[in-house]
Amino acid sequence: MLMSASTMPAATGTTGIVSKPRLSFWQIFNMSFGFLGIQFGFALQNGNASGILRNYGADVDKLSWFWLVAPIVGIIIQPIVGHYSDRTWTRLGRRRPYFLAGALLSATALVLMPNANLFTAIGPILFIGAGFLAIMDACFNLAMEPFRALVADNLPDSQRTMGFSIQTFLIGIGAVAGSFIPYILHNWFSISNEAPPGIVAMNTKMGFYIGASVFIVSILWTVFKTKEYPPAEYEKYHGKNPDHDKGLGNIFQDLKKMPRTMKQLGLVQFFSWFALFGMWVFTTDSIATHIFGLPVTDKSSKMYHNAQDWTGVIFGIYNGVSAIYALFLPAIAKKIGRKRTHSISLIIGGIGLISFFFAPTKEFLIFSMACVGIAWASILAMPYVILSSSIPPGKMGIYMGIFNFFITIPQIVNGVIGGPAVKYIYNNQPVYAIVLAGIFMLCAAVSVIYVYDPGAIKIDRNEPS
C-alpha cells in the first residue's frame, strides 16, 4: 500500500468513500519520474521535427499539415488507453504496464525518426518521416496518458497540486535536457549540425539516440519504485466504477456524461494548445526569417540549422523556467487560488509569445520563452488539478483520456489552417503565427476565470477528499 511513515488515519466522507492517505515527497517524486523521459522525447520532437521535415523536403506552409498526425493519433490513443487502464490489473499494477510498453515502443520510434532515409525503398522520404512522427507520437501517448491518472489515483485532493507540480518539475528537467542536447553535442563536442537534403545532421541523430535511452531508464524507475492500490483497496478510496464491465463503446456514454468542470476547462485548453501548437511548428522558421533574415525557401543552409539549434536552446529555456516555477505553484495556488494562478500564468505566457515579433536579436527570445515557461508550467499542472476533483469514481483514466480531446482538437484546427494562413494571410512570414499564438494564450487566461472548481470549495471547507 502507498503510505508514508507519518500517514494519518484515513477519514470517511459522507459518501462512504475513505480518503486516501497522504504520501511522502519521495513517493510522489518516484511516481512521476518517468515523465522526465517522456518529456525528453517530446522536447526532441518539438524542437527538431519541423527542421527534420523541412530537410526531408516539406515547404513551410505545409509544415502544420505534417504535424497533424500527432494530435490525430493522440485523440484516438488516449481515450482507449484510459478506458483499458481503468480496467487493468496485473502483477505490474493498473497503469504501469502501459508505461512500460509505451517506453519500449517510444525508444524504437526515436531511433527511426531521424533515419527515414534508410527506408526510401518503401516510399518518398517526406512521407516516411511523417509516418515515423505519427508512430512516435502514438507511443508517447501510450506511455504518457496513464501518468496523469496515476497521480490522481494515489493522491488526496489536498496533495494533488503538489503532485502535478512535481510532475511538471520533472517534465521541465527532461524537456531542458532534450531541448539542449543537439546544441550541446554540436557546440561542446564538435558533432556536425550540417547535412545535405534528405539526411538528418549527426548532432540531431545522436540526440534522438540519447533520448531513447533516457526514456526507457526513467520509465523503468517509476515502474520499479512505485506501487499501485490493488482493486479492493482502490474501490475503498475511489468507489466502485458502475461501468467496469462495459466495453469500449462505453467511451461515448462517458463523453455524454462529461462533468461540467471538464466542459469549461475545454475552452481554456483549446486556446492554450492552439497557441502551443503554433509555437512548436513555426518557431524555427520564424527565427530563420524574422531574426536571421533568411528567405522562406531556405531549408538546409548552415544558418537554417543554426536557427533549428537555437530553437532547441530557447525551448530548453522555457522548460527550465517551467521546472522552477512548478515548485512554487502549490504555494501560489494556496495564496491566490487555482484559477487565478492559472490565469496570471497564461497572461505572462501570452505576453512572451507576442514579444517574439519585437525581438531585435535571437538572444531577446530568451526573455520571450522565459515568459512562455511560466505559462507552460501552469498548463501542465493546474487544469489537471482542477479536473481531478470533478471526475466520478473509478473513471480517472477514461476521463483523463477524454480530456485529451481538448488538447488534440485545437492542434488539429491549427494544423489545418496554420500553414495556409502563413502563406496567404501572413505573406510567408511565420512570425505572425507566433503572435496569434500569444493572442490565443491571453484568451485562455480570460476563459479560466469562469471555470467551476469543486476541489477548491472542498478544500476551503476542510471536507474529506
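The values are calculated or read from the model by the stated rules, or taken from the named source; none is laboratory data. All figures in this text were calculated on a predicted structure; none of them were measured in a lab. As a convention, Cβ positions derive from the backbone with ideal geometry for all residues, glycine included, and neighbour counts pool all protein chains shown.
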| request: List every residue pair whose Cβ atoms lie under 6 Å apart, where the two residues are 6 or more positions apart in sequence or sit on different chains, the first residue falls within region 278-303 and is within 15 Å of residue 354 (Cα to Cα), and the second residue, located anywhere, is surrounded by fewer than 23 Cβ atoms within 10 Å (Cβ to Cβ) and not aliphatic (A, V, I, L, M). | output: 287/310; 291/362
| request: Kindly indicate whether any position in region 156-168 is over 22 Å from the mean Cα position of the chain (by Cα), in a loop (DSSP other than H, G, I, E, B) and over 30 Å from residue 26 (Cα atoms). | output: no
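Residues are listed down the side, and each one gets a yes or a no for (1) of a type outside the set (A, V, I, L, M); (2) surrounded by fewer than 19 Cβ atoms within 10 Å (Cβ to Cβ); (3) closer than 29 Å to residue 235 by Cβ:
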{"residue": "21", "(1), (2), (3)": "yes, no, yes"}
{"residue": "34", "(1), (2), (3)": "yes, no, yes"}
{"residue": "74", "(1), (2), (3)": "yes, no, no"}
{"residue": "82", "(1), (2), (3)": "yes, no, yes"}
{"residue": "87", "(1), (2), (3)": "yes, yes, yes"}
{"residue": "117", "(1), (2), (3)": "yes, yes, no"}
{"residue": "120", "(1), (2), (3)": "yes, yes, no"}
| remark: Output for Cβ contacts, cut-off 8 Å, separation at least six or different chains, first residue more than 19 Å from residue 348 (Cα to Cα) and in contact (Cβ under 8 Å) with a residue 60 or more places away in the chain in region 417-440, second in a helix (DSSP H, G or I) and basic (Lys, Arg), reads 419/62
| note | Among helices (runs of 4 or more DSSP H) entirely within region 309-426, at least 2 residues that are farther than 26 Å from residue 204 by Cα and touching a Cys at 6+ places or on another chain (Cβ under 7 Å) occur in 338-355
| field | Residues located in region 117-136, provided they are more than 21 Å from the chain's Cα centre (by Cα) and within 18 Å of residue 46 (Cβ to Cβ) | value | 129
| said: Return the residues of region 252-289 that are more than 21 Å from residue 383 (Cα to Cα) and surrounded by fewer than 18 Cβ atoms within 10 Å (Cβ to Cβ); say none if nothing qualifies. | reply: 252, 253
| query | Does region 149-161 include one or more residues that are at pLDDT 85 or above and crowded, with 22+ Cβ neighbours inside 10 Å? | reply | no
| field | Which listed residue, of 389, 368, is touching a Gly at 6+ places or on another chain (Cβ under 8 Å), among the hydroxyl-bearing types (Ser, Thr, Tyr) and modelled with pLDDT under 95 | value | 389
| remark: Restricting attention to region 184-208, the residues that are assigned to a helix (DSSP H, G or I) and surrounded by fewer than 23 Cβ atoms within 10 Å (Cβ to Cβ) number exactly 6
| said: Return the residues of region 42-98 that are charged (D, E, K, R) and either closer than 21 Å to residue 212 by Cα or touching a residue at least 24 places away in the same chain (Cβ under 8 Å) (or both); say none if nothing qualifies. | reply: 54, 61, 62, 86, 87, 94, 95, 96
